[in-house]
Amino acid sequence: MEALIVNALLALMMVSVVVLARTRNLFAVIVLAGLYSFLMATVMVALDAVDVAMTEAAVGAGVSTVLLLGALHLCRSEEAKPAHKPWLPLAVTATTGLVLVYGTWDLPAFSDAEAPIHKHVAPRYLEEGPRETGIPNMVTAVLASYRGYDTLGETTVVFTAGAGIIALLRRRRRSAADKEAP
Amino acid sequence: MTRDMVLRVVAKLLIPFILLFALYVQFHGDFGPGGGFQAGVIFAAAMVFYAVIYGLDNARRVLPDWLVESMIAAGVLLYLGVGFAGLLLGGNFLDYFVLDPEPVAGQHRGIFWVEAGVAITVSGVMLKIFYLFAGRGTDGEQ
Amino acid sequence: MFAHIWSHFDYWAMLFLAMAGLFIVIARGNLIKKLVGLGIFQTSVYLLYLGPAKIVGGTAPIVDAAFKVYSNPLPHVLILTAIVVGVATLALGLALVVRIREAYGTIEEDEVLRRDVQPAGEEAQQ
């Protein structure tokens, strides 16, 4: 039953992406990208990844849409130009997809409790975590305590992105004489 | 949008609850879904909502540019500070067990401050990016 | 055979989404649409990690006395980081697109390339 829900949502996402690829109106593209993010957040809830779903809904469907709309307003572009005949890209992506399907043929089935991913570190985190860190939410415990170094790197990445955007988009104050120069 | 009565009233009603929800998500990240990233983004979303309804200049008066830029750096420095506090108190870098005489309470303290640092940086960056994108068009393109 | 396809459908849906994102990046010329396609590609990779983490009959990895089986928390942590890094790169890409628009007057890729190789003609017009 759960597999049915997840697969149905994934099918909806596939449809929305196909429509997005064919749409030329950029505002519609941005709205479809927001729809895709919301569907992704729903799939994540169905997969019991509640922290990730909250982050994807807030970041992917919220902040990303705002940034894309802001950039669209600044660029003042309404429509993408008609595409060239896409036979070569279609062939390349189809070939890559088929090769990857062959590569993922033997991966563990959906919801396989005997998969190797559940054997190593995860049982230790789930058993020892509440005792060692004292908090019930294992994702926060792993994120902030067991893998705190990675989170430091991630915060630095966010900081660097902010610094880069400030460097790109900051306006220096120009004097009136400079504004009239060609 | 300042002239639209419905939008102004709804914004006035909703923005305090959104800010409260951001704080809830931040502090209850230990017991339910949540944590620093989500809280930072929700806080930035509340401020973006305010800026969209009441104007960018009003938003800049509430949270001026220098404050937002300081927030971006302050979060990373807070995180590094917790790491170095572990070092200075005798443990390893980012060791939480030494932050308190009782190790589990030390973990609580470390996780609290680390998540606070993350939330401050993420909300500062998201808000600053919005200020830059929204303010660029109104500066006028000569 | 059909059971194998049904149990692996989440991987192949993820591959379809990734290939669609890749197609948008390489086949479409508008820079904002390319960035959206890149975002789709990034987001589809999250499914590759979150799919195997789920155990049917379990619950979210918040430890409580009432539940015995939990989803694997480790991929959730990795994907949390990946989502935030993804939006950071999207924001930087959009800032670059805004600057390109101000420098070239267009955000279509072939227009930008055309104007890039003809600067002498532009200067002669001014």
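Of the candidates B:G34, B:G90, the single residue that is without any contact (Cβ under 8 Å) to a residue 12 or more places away in the chain, on the phi > 0 side of the Ramachandran plot and buried (at least 21 other Cβ atoms within 10 Å of the Cβ) is B:G34. Screening A:K81 with (1) of a type outside the set (S, T, N, Q); (2) part of a helix (DSSP H, G or I); (3) more than 14 Å from C:L47 (Cα to Cα); (4) at the interface with another protein chain (Cβ under 7 Å from one of its Cβ atoms) gives one miss only, at (2).
Criterion applied to B:I129, B:I111, B:I53 was being free of Cβ contacts under 8 Å to residues at least 60 places away in the same chain and either surrounded by fewer than 21 Cβ atoms within 10 Å (Cβ to Cβ) or within 29 Å of A:N137 (Cα to Cα) (or both), and the one residue passing it is B:I53. Annotation note: of B:D30, B:D4, the sole residue that is in contact with a strand residue (DSSP E or B) (Cβ under 6 Å, 6 or more places away or on another chain), modelled with pLDDT under 90 and not β-branched (V, I, T) is B:D30. With respect to the conditions (1) within 14 Å of chain B (Cβ to nearest Cβ); (2) within 30 Å of B:G40 (Cβ to Cβ); (3) out of contact with any helix residue (DSSP H, G or I) (no Cβ under 6 Å at 6 or more places or on another chain), A:V31 lacks only one, and its number is (1). Taken over the stretch A:1-52, the criterion of being polar (S, T, N, Q) and either in contact (Cβ under 8 Å) with a residue 60 or more places away in the chain or assigned to a helix (DSSP H, G or I) (or both) is satisfied by A:N7, A:S16, A:S37, A:T42.
Considering the conditions (1) over 18 Å from A:M13 (Cβ atoms); (2) not in a helix (DSSP H, G or I), A:L98 is excluded by exactly one of them, (2). Among the residues making up the stretch A:111-144, those that are over 29 Å from C:L92 (Cβ atoms), facing another protein chain (nearest Cβ under 7 Å) and in contact with a Gly (Cβ under 7 Å, 6 or more places away or on another chain) are A:N137, A:M138. Among residues of the stretch A:32-74 being β-branched (V, I, T) and under 23 Å from B:V125 (Cα atoms), the one that is surrounded by the most Cβ atoms within 10 Å (Cβ to Cβ) is A:V52. Kindly evaluate C:A20 against the criterion of being in contact (Cβ under 8 Å) with a residue 12 or more places away in the chain, at the interface with another protein chain (Cβ under 7 Å from one of its Cβ atoms), surrounded by fewer than 24 Cβ atoms within 10 Å (Cβ to Cβ) and farther than 30 Å from A:I135 by Cα. The answer is yes for C:A20. Is it the case that some residue within the stretch C:56-77 is surrounded by fewer than 18 Cβ atoms within 10 Å (Cβ to Cβ) and assigned to a helix (DSSP H, G or I)? Taking every residue of the stretch C:56-77 in turn, none turns out to be surrounded by fewer than 18 Cβ atoms within 10 Å (Cβ to Cβ) and assigned to a helix (DSSP H, G or I).
The set of residues in the stretch C:21-37 being in contact with a Ser or Thr (Cβ under 8 Å, 6 or more places away or on another chain) and in a helix (DSSP H, G or I) consists of C:G21, C:L22, C:F23, C:I26, C:I32. Looking across the stretch C:78-107, just one residue is of a type in the set (G, A, S) and in a loop (DSSP other than H, G, I, E, B), and that is C:G105.
For (1) farther than 27 Å from A:I5 by Cα; (2) more than 7 Å from every other protein chain (Cβ to nearest Cβ), each residue gets a yes or a no:
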site	(1), (2)
C:D64	no, no
C:L78	no, yes
C:T81	no, no
C:G93	yes, yes
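The values are calculated or read from the model by the stated rules, or taken from the named source; none is laboratory data. These figures come from a predicted structure and were not determined experimentally. Glycine also receives a Cβ, built like all others from the backbone with ideal geometry; neighbour counts cover every protein chain displayed.
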